[in-house]
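Down below is the structure, laid out as structure tokens.
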Amino acid sequence: MTSTIAAETVRPERNIPAEIARSWLLVNAMKPELFDQSAVSRADSIILDIEDAVDPSQKDQARNNVIDWLTAGGKAWVRINDATSPFWADDLAGLRGTPGLLGVMLAKTESADQVTESYHRMDGKTPVIPLVESALGIEEANHIAKAQGAFRLAFGSGDFRRDTGMAATPEAMAYPRAKLVVASRVGNLPGPIDGPTVGTNHPILREQTGITVMMGMTGKLCLAIDQTPVINEVISPTPSDVAWATDFMNDFEANGRVIRDGSDLPRLGRAEKIMKLAVAFGVQPAL
């Protein structure tokens with residue numbers, strides 16, 4: 001069965017808004033046999049990749065695979081080639097107006113103009129996730145986050161390390177992660193998406209996703225379907241968090257929603273955020 005035929009099969013609707021999506025599954029666009037499997041996985045969002053995963057000689061075929069699958073009923077984001085590449089314009093022209101396209105992830109983003117130009121070439125209707133992968137991109141993050149069309153920032157951690165020579169340790173990666181978190185706030189965007197964890201070791205994945213959360217990032221790229229449940233669990237509020245938020249909100253309501261001291265407003269904001277995410281992710285309070 002081809003991907004076009006398979007895309008016509010019934011698949012569950014994704015109910016997690018992209019603004020708060022936790023797991024972002026990258027899928028090689030030269031492997032269309034994986035598209036449907038990925039679409040019914042536990043990933044909050046899927047990204048069909050026609051950039052790093054595809055050899056230059058196969059870019060046209062990869063793009064056509066994506067367009068065929070989306071046109072046949074699939075829904076996904078697409079990682080397109082960077083604005084300085086010879087494939088960028090063709091990616092945007094080919095994807096423009098394609099049904100099922102949820103948005104594009106712009107590889108190697110280094111300026112606000114690259115985001116805005118991509119957005120306008122897509123009729124000003126398709127959201128753009130700037131994937132920041134270089135020292136220049138990190139230093140331009142505030143401007144990128146405020147660019148017209150920018151939807152949510154993402155961290156290309158592997159290419160960033162290659163560009164800078166920095167290690168993969170939490171200490172070395174703290175600066176670029178913090179820059180993206182602060183820039184997202186400056187641009188009034190949702191929390192940024194962290195780079196992927198390479199390998200199949202779930203304890204390491206769990207530990208690294210915990211660092212994602214600690215840094216204030218709210219999503220994470222992933223490279224395999226079996227990574228998605230771990231990422232979703234770690235980025236979600238814990239049952240204990242939900243229990244605290246539930247108790248706080250009940251007490252706050254019982255007291256007439258009166259602010260009693262300086263700690264109430266920060267706690268109220270935290271409780272409301274936890275409750276919103278708990279509803280979206282289906283997390284029940286601990287007993």
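Read the figures in this text as sums done on the coordinates, not as results from a lab. Fair warning: this is a prediction, and the values are worked out from it, not measured in the lab. Don't worry about glycine lacking a Cβ; one is built from the backbone with ideal geometry, like all the others, and counts go over all protein chains shown.
So what are the ³J(HN,Hα) numbers for the stretch 139-154, from phi and the Karplus equation (6.51, -1.76, 1.60; θ = phi - 60°), rounded to whole Hz, Gly and Pro as x?
6, 9, 4, 4, 5, 4, 5, 8, 5, 4, x, 5, 10, 6, 7, 9
Could you give the dipole magnitude of the chain about its Cα centre, charging the beta-carbon of Lys and Arg +1 and that of Asp and Glu -1, in debye to the nearest 20?
460
Please list, ordered by chain and number, the residues whose modelled amide H lies under 5 Å from the amide H of M105; skip anything fewer than 5 residues away on the same chain.
The answer is V78, R79, I80, I129.
Express in nm, to one decimal, how much length is gained between Q58 and S85 on full extension, taking 0.36 nm for each residue of separation and deducting their alpha carbon distance.
Extra length from Q58 to S85 when fully extended: 8.3 nm.
Cα-Cα over 27 Å: which of K31/K273; K108/K276; K59/K179; K75/K108?
Over 27 Å Cα-Cα: K31/K273; K108/K276; K59/K179.
Against the longest principal axis of the chain, how steep is helix 239-254, in degrees 0 to 90 to the nearest 10, with axes from Cα atoms?
Helix 239-254 sits at roughly 50 degrees to that axis.
Starting from the amide H of L25, placed 1.01 Å from N in the peptide plane, find each other amide H under 5 Å away whose residue is 5 or more places distant or on another chain.
Close amide H contacts, sequence-distant or interchain: S45, I46, I47, C222.
If each residue of separation counts as 0.36 nm, what is the full-extension length gain between S263 and K276 once their alpha-carbon separation is subtracted?
Taking S263 through K276 to full extension adds about 2.7 nm, to one decimal.
Taking the chain as the reference, fit the longest principal axis to its C-alpha atoms, fit the long axis of helix 264-281 to the helix C-alpha atoms, and give the angle between the two in degrees, 0 to 90, nearest 10.
Result, in degrees: 50.
Can you give the net charge of the other residues whose Cβ lies under 12 Å from the Cβ of A29, counting K and R as +1 and D and E as -1?
Here the count lands on -4.
Tabulate in residue order the Karplus-calculated ³J(HN,Hα) for the stretch 50-59, using 6.51 cos²θ - 1.76 cosθ + 1.60 with θ = phi - 60°, rounded to whole Hz; enter x for Gly and Pro.
10, 9, 4, 6, 10, 5, x, 6, 10, 4
Which one, G262, I67, A280, projects farthest toward the positive side of the charge dipole computed for the chain from Cβ point charges (K/R +1, D/E -1)?
Of the listed residues, the answer is G262.
Which listed residue (V115, G100, V132) has the Cα farthest towards the positive end of the charge dipole for the stretch 75-141, taking +1 on Lys and Arg C-beta and -1 on Asp and Glu C-beta about the Cα centre?
Towards the positive end, the residue furthest out is G100.
With a sphere of radius 12 Å drawn around the Cβ of A62, what net charge do the other residues whose Cβ falls strictly inside it have (Lys, Arg +1; Asp, Glu -1)?
That works out to -4.
Along the charge dipole of the chain, Cβ charges K/R +1 and D/E -1, which of A154, M249, W77 sits furthest on the positive end?
M249
Residue by residue through the stretch 173-185, what is 3J(HN,Hα) from phi via Karplus (6.51 cos²θ - 1.76 cosθ + 1.60, θ = phi - 60°)? Round to whole Hz and write x for glycine and proline.
Calculated HN-Hα couplings, in order: 8, 5, 5, x, 5, 4, 4, 5, 5, 5, 4, 4, 5 Hz.
Suppose each label sits 7 Å from its Cα in the direction of the beta carbon; what would the L287-A93 distance come out to in nanometres?
6.2
Looking at the square roots a ≥ b ≥ c of the eigenvalues of the Cα gyration tensor of the chain, which shape do they give, rounded for a/c under 1.5, prolate if a/b is larger than b/c, or oblate?
Taking the square roots of the gyration eigenvalues as a ≥ b ≥ c, the chain is prolate.
Please give the peptides 56-63, 91-98 ranked by average Cβ packing (other Cβ atoms within 10 Å per residue), highest first, as a rough proxy for protection.
Taking the mean over residues of other Cβ atoms within 10 Å, the ranking is 91-98, 56-63.
Under 1.5 on a/c is rounded, so check that first for the stretch 78-229, then, if it is not, pick prolate when a/b is larger than b/c and oblate when it is not; a ≥ b ≥ c are the square roots of the alpha carbon gyration tensor eigenvalues.
Prolate, because a/c is 1.5 or more and a/b exceeds b/c.
Once a ≥ b ≥ c are taken as the square roots of the eigenvalues of the Cα gyration tensor of the stretch 83-157, is the result rounded (a/c under 1.5), prolate (a/b larger than b/c) or oblate (a/b not larger than b/c)?
Because a/c hits 1.5 or more and a/b exceeds b/c, the stretch 83-157 counts as prolate.
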